[in-house]
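Here is the structure we will look at, set down as structure tokens.
The values are calculated or read from the model by the stated rules, or taken from the named source; none is laboratory data. Everything quoted here is computed from the prediction, not taken from an experiment. Neighbour counts are summed over all protein chains in view; Cβ atoms, including those assigned to glycine, are modelled from backbone coordinates with ideal geometry. Keep in mind that these areas ignore ligands, DNA and RNA; they rest on the heavy atoms of the full protein, side chains included. Shrake-Rupley method; radii C 1.70, N 1.55, O 1.52, S 1.80 Å.
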Amino acid sequence: MSKHPSRPLLSPLVPAYKLALWLRERRLGSRAEQIRRLRWPVVSIGNLSTGGAGKTPLAIALANALTQRDFRVDVLSRGYGRKGLAATLVKADGSWEEFGDEPLLIARKACVPVYVAGQRYDAGVLAEADAAAIAVLSVGQKPLVHLLDDGFQHRQLHHDVDILLLDREDWTDRLLPAGNLREPLKVIHRASIVAIPAGDPQLDADLRAWGWQGPVWRLHRRMQVPDMDGPVAAFCGVARPQQFFEGLEAGGLQLALRKAFPDHHGYSVKDFEGLMKAARAAGAEALITTAKDLVRLGGLSSRVEDSLPVMTAGLEVEIDDENQAIEALLARLKLSSSPPAMREKAL
């Protein structure tokens, strides 16, 4: 069963969406839409569909891998759903309303600076200013890498490397609004690296037969399912809720209740009280949700009773042959221990 909704009745609107994509491509090609550069390299992590591809756990995995290799790393994000557009540093103890759920989760899990702004170039400028100030206090200046979260379609900022997550559903999906693709499959050629599920070797073969000649990363997605003998009530507000529910069942949990909210849903007291009431009625012994949903619950999670705790099932991504993949990525970036020459601020 597809985990993405299909809307065939909206097929007549697809040509208008294609026209909008074509007009934007014309603006970019004619430089009518400005593309700006940061001083340090930018690695974009993105996908073709509307959410749910595993960009956030991959950003965390890359941030950790680069940090372990003694690079300075930060993450640049729009901060979807946050209040305000000004560039700011995400505080790990802040709220999702202030910073957005995904940036806040990355700040808590990756232990690297995360910056949000309406224009991600502004987030990068602030990040580089902070990095330069810190470098003054240290001996030498380590190379800095910006990770651009959900950046494949954000082309107003120059990308040095584009990592594109792709799965089988994307391969067979349609353009918005009838399907869920933000861009057609042909734009895969704009990527530097394509990352696919490790469990789908046929997708690798299909990509090669289609004409892709670049690197392919194979990703293992592992859900961290807590030990629980009794039934649980599962809820989430993510792009692919069915994937979350199936992952819990594959991990051995018995789901007494499933409740899906819209992606990036902001939970209210009424929502949470309704969840607890429904969970008790279904005989659940705990509530279980995603790490991103726990961020958006905020203080509501403290309202639970001991008899009905809130648990989380986190998601981790591991890259096949990670050392080789990261070394190849660094070679593409041409990083060195000395800072790069100041680049022009626009193409």
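So here's what we get for this one:
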{"quantity": "Residue-by-residue Karplus 3J(HN,Hα) for the stretch 317-324, coefficients 6.51, -1.76, 1.60, Hz, glycine and proline x", "calculated": "10, 10, 8, 4, 6, 4, 4, 5"}
{"quantity": "Answer label, with Rg/Rh (Cα atoms, Kirkwood Rh) calculated from the coordinates and candidates [x] 1.09; [y] 0.97; [z] 1.00", "calculated": "[y]"}
{"quantity": "Under 14 Å, Cβ to Cβ, from Pro201 - net charge with Lys/Arg +1 and Asp/Glu -1", "calculated": "-2"}
{"quantity": "Net charge, Ala117 excluded, C-beta distance under 11 Å - Lys, Arg +1, Asp, Glu -1", "calculated": "+2"}
{"quantity": "Cβ-based net charge around Leu13, under 14 Å, with every Lys or Arg adding one and every Asp or Glu removing one", "calculated": "+3"}
{"quantity": "Relative contact order of the chain, pairs being alpha-carbon contacts under 8 Å that are 6 or more residues apart, as %", "calculated": "23"}
{"quantity": "Directionally averaged projected area (convex hull, Cα atoms, the stretch 1-157), nm²", "calculated": "11.7"}
{"quantity": "Backbone HN-Hα couplings from phi across the stretch 53-62 [Karplus 6.51/-1.76/1.60, Hz, Gly and Pro as x]", "calculated": "9, x, 5, 5, x, 5, 4, 5, 4, 5"}
{"quantity": "Percent accessible area from carbon and sulfur atoms, the chain, protein chains only, probe 1.4 Å", "calculated": "53"}
{"quantity": "Helix-derived mean residue ellipticity, 222 nm - over the chain, DSSP H n ≥ 4, -39500 (n - 2.57), to 500", "calculated": "-10000 deg cm²/dmol"}
{"quantity": "Those lysines that a straight Cα-Cα span of less than 19 Å connects to Lys109, excepting residues fewer than 8 apart in one chain", "calculated": "Lys55, Lys91, Lys292"}
{"quantity": "Full-extension gain in nm, Arg190 to Glu97, via 0.36 nm per residue minus C-alpha separation", "calculated": "30.2 nm"}
{"quantity": "Per-pair calculated FRET efficiency, R0 = 22 Å: Ala331 and Ala132 via Cβ, rounded to 0.05", "calculated": "0.30"}
{"quantity": "Accessible area in square angstrom per residue, the chain, 1.4 angstrom probe", "calculated": "48"}
{"quantity": "Calculated from backbone phi, Karplus (6.51, -1.76, 1.60) coupling profile of the stretch 72-84 in Hz, x at Gly/Pro", "calculated": "7, 9, 9, 10, 10, 9, 6, x, 3, x, 6, 8, x"}
{"quantity": "Longest site-free stretch - the chain; sites: GluC sites (Glu not before Pro), DSSP loop, at most 11 other Cβ within 10 Å", "calculated": "1-304"}
{"quantity": "Whether the stretch 152-211 is rounded, prolate or oblate, judged on the alpha carbon gyration tensor where a/c under 1.5 counts as rounded", "calculated": "oblate"}
